[in-house]
Amino acid sequence: MSLLREAERSLGNLQKFRSLNAFVNSVRDERLLLDRVKESDARRELGKPKSPIDGRLIAIKDNICTLHYPTTCASGILKGFKSPFDATVVKKLQDSGATIVGKTNLDEFGMGSHSTHSRFGAVKSLQTGPNGKALSPGGSSGGSAVAVSSGQCYAALGTDTGGSVRLPASYCGIVGFKPSYGLVSRWGVVAYANSLDTVGVLARDCKTVKEVLNAIDGYDPQDPTSIPASTRSRIANLRARRRRVGPFRIGVPAEYNVEELSPIIRQTWLKTLQHLQSLGHEIYPVSLPATQHALSAYYILAPAEASSNLARYDGVRYGARDNASDDTSGVLYAETRDKGFGEEVKRRILLGAYSLSAEVADIDGLACRAMNNYFIQAQKIRRLVQQDFDSVFYLPNPLSSPSSSDLASAEADPAHGSPKVDVLLCPTAPTLPPTIESLSGKSPLDAYVNDVFTVPASLAGLPAISLPVKSTGEGSDMCGVNSVGIQIIGQYGDDELVFDVAELIEE
Amino acid sequence: MFTTVQARFLCRKCLRQTTGRRVQLISTVPFRKHLKDEAKQRRINNGKAKPKVPTARGSANENWELTVGIEVHAQLNTTHKLFSEAATSFNDPPNSHVALVDAAFPGAQPIFQKETLIPALRAAIALGCNVHRKSEFDRKHYFYWDQPAGYQITQYYHPLAKDGFITLYDYDGIAPEDGKEVRVGIKQIQMEQDTAKTLHQLPSTHLLDFNRVSHPLIEIITLPQIHHPATAAACVRKIQAILNAVDAAVLGMELGGLRADVNVSVRHRNQPEGQGVGAEYSGVKGLGQRTEIKNLSSFKAVEDAIKAERNRQIDVLEAGGIIEGETRGWNLGSTGTRKLRGKEGEVDYRYMPDPDLGPVIVGKDLVDYIRRSLPPLPDDHFKVLTSSDRHYNLAPKDAKTLINLDDGDRVEYYKNVTDEVRKGLLNYRDGSRSYAESDEAVVKAGKMTGNWVLHELGGLLATSGTPWEENPVGESALASILTFLSLKKITGTTAKTLLSLKFDDPRPIPQIIAEDDLTLRPMSEEELRGLANEVMRGNERMVKAVKEKGEVGKVGWFVGQMVRRGVEGRVEAREAERVVREMLGVGDVGDRK
């Protein structure tokens, strides 16, 4: 199929599925877009495409800055805001010949698990549950996931802070990948929680995800957390020295087999493991004991950073401002922020502000050493989660001290239990997508539980993919959803291996 | 109302980061005019009869001990901002140096500009601090329109340097009660960002200039070890002098480059510990409840605000009240501090390590290098200026005055002029005439230059209202004048004439001397005696007073008359005096007391 044909089909779907509310802004001048795609077609015919994604239509989550579309983060506070610059990832996509088809809907500033907390209204999933009930598309990159699953674009960028790419990919039956922290530039990505935020890719298959990832990967001097070339080559060396003959060693974390896991999910997980075993790969049980605290730590750290990052939205320099008086003797930004932010964002700002201030031992205006607030405690748990992962992966963590990145010492210690594994395999979410109806009666805490399997990899900065696996087991034909998101987690920097295993399952 | 100013990236340097739409500058404040007005207001305030700060009643004051700690914020001398490549600037058009991150645009990230460390390290080393190998940046949260991100990036948990000290001497202007010297501990030095500038347009418009946002600052925190207002002012003055000497901070307080917060407490001298004075600050125990006075922008304000706050606290305590821990303000010219916010209104800054910025690692080699290459400090200057081994031989008072003038520029000027005069003399050859180190003219070059730089030049600058930065007399011009004078090629009167000529005459000194025929042609003994006779002849009574009544003081009058009546630039005062004394029989010049 020509690129032009494909683009026209996407634009057709854009019209057809407008009611799904996947986009908050999309292409206005279709002629101009198609002209550009024609140029790509011409390049392809000459055998000189700019890249494998030359001429493809890519959707961008609306918390990633674009020069030519407004960037709203689905928030009232950025109503009509036009960023004066393109994010590095957007620039890189365009340099690769791809065309930005529009900006996708999301949970405001990325805070949510069902894409319902949007100033533009909820995103609707293409799939429906029993009796045609509306299902959650997952969040916060729900718009990107639905745009992909309904064929409105070739692939989409999302952001993943605690599972925001993997969860909607899982709920929408597509592939969603979160790279190792720092591989893809965050310059121009509106921060939710800087130390966790990553740009991820959503597409229908692994190959497409990889194509897009290759286009946006790379060191960016404008992002202070971007992994520099020297570290990248160190990681590459480390991977190259790994013994790569023989079967994969797949770890199954016992802590993920929770009571709340729905039977369909558990059975599909089991089936996937059996499939890999039948291909000759080895399955090992592993233990990640800090997992049980990971979710709590995440919901301290992420809101704390969010409360800080969102302090800039005051209506003074950009964005929306309330008409109420900003008299210097009054409360300057209260009205603007009250009206601009949605409920979930306000909840997390409050939570974050509280956890940063609670129980800080403050003497003499300077903190004493024994600072004891929730934020600092949660950081310690985060470190434990990372150590858990490091203890089960064969590949040492390239960001740890040089001595520990010695492969020889990473060999399994026969005296201490199980051998080390290449990747971990577990579900992306404990249940199938819930119905929208069922969400309304629930507390915010219930929504947070959806992130329980995705958050640990985020805390440790690890690469992780969610892959749709045809669901099996009792009732799988009754629920209206025919796939389950299976997650593969790799050691830091081992993104390629995650794809290798994912592609085995995909086949 | 607040005007949304969205100008960005107007300078080349700032433009480098991204290309984007240039947003129309809404603000139209004539910034230069604003600065001018500010300076004018300052001059008016300075000129005015200074408002009296009430001094505490002597006896009450004796019963109470004052304790003061100071936080100094100084703008570092750097070309870039702390976290962007936008240029630092002082009075460029508003919002012409603002990178995306400076205006806290969504998606923009800070990049620590490593070279800003250099002046910060110089300051830390000059103030005797231990530089930490690893320091980190934290976010300090509070809402204010001049704080675009809603937080200031500072160093809270792991500052750049700690545990330094500053020694203040009597010549630094400390209170007499402090004796010859007092040592004040520096608790820590941290790097942080400056805020935006608010330009008030009455009645209710506030315009924001983001040029200053993220200008690198250091905050220097002293221990509460100061007990007199004058010493506190001397401390800030000396910190400024040190920062200036090591090129860490160039703009002084008068230009807003340095600001100070002080915390003030008093305690009764005879009160045993544990009775109402349980406060402890920075490890200093047994202090009274303190208050903080923010944003003092002159040395005078530091001293006056502390005096006023001390008196207020004593009054409250003596009336049986208690001091509330609160933040107070002080306006130049006011007589008392005023409450800004109480404890209940205290901001919880919710410090958080900045998740975008990694730690700053400073190698020992860098610290060593900076330590080795540190320029001399003001105390070193003082030693150099007052000792004879470096030939300046200045009186301590003159040395101190020179050091404290014009942010240290005056002393540099002085030294360069002196060095040049000495060189001129030592290299002088005219037939057999040459000068050695021991020659009186060479020995006295330092003192003489000091006089001229402070008094003659200082006087001319003051009367013409010329600020030091616009001093029209270059170093070599003054050196030239003083060399000619030392060589007795011109008279003192001629030298003074030349100095004032230089205020608007661009010709080099030798050319002026030649063209205006100012070279001293020494008068012969006969010519001198003739001139002296001429003066004495019409003034017999004066002659008698000297000769018969021994009124030696009147000799000077005769000399003056001779200089006035003689040909301009020919009568050397010393020679004239010698002749007058000889003729009137009142001993040698050298006998004069």
Computed over segment A:3-229, the Cα gyration tensor eigenvalues, each multiplied by 5 and square-rooted, give semi-axes in Å (largest first) of 24, 22, 16
Here segment B:485-497 yields Karplus 3J(HN,Hα) values (6.51, -1.76, 1.60; θ = phi - 60°; whole Hz; Gly and Pro given as x) of 5, 5, 7, 6, 7, 9, 8, x, 4, 4, 4, 5, 4
So the compactness index of the protein assembly as shown, its C-alpha Rg divided by 2.2 N^0.38 Å, takes the value 1.22
Given a Förster distance of 51 Å, the FRET efficiency implied by the Cβ-Cβ spacing of residue B:335 and residue A:292, rounded to the nearest 0.05, works out to 0.20
Simple SL model, points at 7 angstrom along Cα→Cβ for residue A:9 and residue B:573; separation in nm is 10.4 nm
Everything considered on the Cα gyration tensor (a ≥ b ≥ c; rounded for a/c under 1.5, else prolate if a/b is larger than b/c, else oblate), segment B:255-399 must be described as oblate
From the Cα centre of segment A:231-251 to that of segment B:476-502, the distance in Å is 81 Å
Once normalised by the length of chain B, the mean sequence separation of its alpha carbon contacts under 8 Å that are 6 or more apart gives a contact order in percent of 12 percent
Output row, site residue B:285, 7 Å Cα→C-beta label point, backbone N cut-off 20 Å, window segment B:214-234, residues B:223-226
Here the averaged projected area of segment B:378-515, based on the convex hull of its alpha-carbon atoms and given in nm², is 8.3 nm²
A chain fully extended from residue B:551 to residue B:526 at 0.36 nm per residue, minus the present Cα-Cα distance, gains in nm 6.5 nm
Here FRET efficiency (C-beta to C-beta, residue B:489 to residue B:371, R₀ 45 Å, nearest 0.05) is 0.50
Working note, chain A: Cα radius of gyration (Å, one decimal) and Dmax (Å, whole number) are 22.4, 72
Ranked output for segments B:308-317, A:427-436 by mean other Cβ atoms within 10 Å, highest leading, reads A:427-436, B:308-317
Most exposed first, judged by fewest Cβ atoms within 10 angstrom, B:227, B:80 run B:227, B:80
For the pair residue B:165 and residue B:406, the simple spin-label estimate (label points 7 Å beyond Cα toward Cβ) gives in nm 3.4 nm
Put in order of increasing Cβ neighbours within 10 Å, starting from the fewest, B:448, B:253 give B:448, B:253
Across A:77-88, the residue-averaged tally of Cβ atoms belonging to other chains within 10 Å stands at 4
At R0 = 45 Å the Cβ-Cβ FRET efficiency linking residue A:338 and residue A:400, nearest 0.05, sits at 0.50
So, relative contact order of segment B:156-253 in percent, Cα under 8 Å, 6 or more apart, is 27 percent
From the cross-link list A:61/A:271; A:420/B:364; A:92/A:470; B:294/B:397; B:238/B:285; B:294/B:415, the entries with a Cα-Cα span beyond 29 Å are A:61/A:271; A:420/B:364; A:92/A:470; B:294/B:397; B:294/B:415
Given the candidates B:200, B:313, A:114, the one whose Cα lies deepest towards the positive end of the charge dipole of the protein assembly as shown, counting +1 at each Lys or Arg C-beta and -1 at each Asp or Glu C-beta, is B:200
Shape descriptor, chain B: equivalent ellipsoid semi-axes (Cα gyration tensor, sqrt 5λ, whole Å, largest first) stand at 54, 31, 23
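FYI, it's all coordinate maths here, none of it is from the lab. Just so you know, these numbers come straight off a predicted model, no measurement behind them. Glycine gets a Cβ as well: all are built from the backbone with ideal geometry, and neighbour counts include every protein chain shown.
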